[in-house]
């Protein structure tokens, strides 16, 4: 049997020299070795692709959870756990600290376990990082707004129509959404003016 360590199978010239200087039986043995190597490489590539797909799906799910949390908190509801690789809490987390849904519940977690949450969400911290800084870091990383804006996105009723309170604009996720809506409206108005020929000068004259 061929000693695979004696031949660099990635070196085509070396393989060619081998086949030219060895018998047909040895060349068949070489072909078997090369086929096994190819199958192993293909299997490794396939496993890597599956792992990358799984990692990508997990990342997408995490982003969706963070966006949902921003909306949940804006409506005044507790946020939901954000899963990392299928897990929703660190392995060493006691039961009473596994599902914090508000920033105050995170504040109540002892520093030791708060550090575990930081590592779980891959957030950096040092010995000088205060407890409150850790809480805010975790809170923002899972979609929570700044504590001072905890009451964002309040809905009121005016003349039978729902409208957003001005505090809603302080929530980053909602602010982006409202900006996108405003941009669409502005673009539609601009297109209508161009289509109808209603220029700024014509509007000014019509108003005088």
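A short reminder: the numbers here are calculations on the coordinates, not readings from a lab. Since we're looking at a predicted model, the values are computed, not measured. Neighbour counts are summed over all protein chains in view; Cβ atoms, including those assigned to glycine, are modelled from backbone coordinates with ideal geometry.
Quick notes on this one:
- Remark: the residue 45-residue 108 segment gains 18.1 nm on full extension, using 0.36 nm per residue and subtracting the alpha carbon distance.
- Modelled label positions at residue 121 and residue 59, each set 7 Å beyond Cα in the direction of Cβ, lie 1.9 nm from each other.
- Among 18, 28, 117, a tally of other beta-carbon atoms within 10 Å of each Cβ gives an order, fewest to most, of 28, 18, 117.
- Ordering of 127-136, 60-69, 37-46 by burial proxy (mean other Cβ atoms within 10 Å per residue, highest first): 60-69, 127-136, 37-46
- Modelled label positions at residue 128 and residue 29, each set 7 Å beyond Cα in the direction of Cβ, lie 6.6 nm from each other.
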